[in-house]
């Protein structure tokens, strides 16, 4: 069984989204620039987070398929 992602506006608010299907969560800033990616690593229950402040940001984006035209929006 996949691990679940729950998105909320506030901790006491009803969920906006509950899914077991996601394997990547993208976070954008107010300028619509991608600033962080949370993604599955190795298996369904192990997640990694990379941010644009990380030294390996561009390499992480390449490995995840964001660079080189693989990304579908």
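The values are calculated or read from the model by the stated rules, or taken from the named source; none is laboratory data. These numbers come from a predicted model, not from an experiment. Cβ sites come from the backbone with ideal geometry, for glycine too, and all protein chains shown count toward neighbours.
When residue 17 is tested against the conditions (1) surrounded by 11 or more Cβ atoms within 10 Å (Cβ to Cβ); (2) at pLDDT 95 or above; (3) part of a strand (DSSP E or B), the lone failure is (1). Restricting 6, 18, 11 to those that are under 13 Å from the mean Cα position of the chain (by Cα) and over 21 Å from residue 66 (Cα atoms) reduces the list to 6. If you go through the stretch 24-53 and keep only what is more than 13 Å from residue 3 (Cβ to Cβ), in a loop (DSSP other than H, G, I, E, B) and touching a strand residue (DSSP E or B) at 6+ places or on another chain (Cβ under 9 Å), you end up with 29, 52, 53. Figure legend. Inter-residue proximity from the stretch 53-68: first residues within 15 Å of residue 26 (Cβ to Cβ), second residues assigned to a helix (DSSP H, G or I), beta-carbon distance below 6 Å, spacing 6+ or different chains. Indicated pairs: 67/61.
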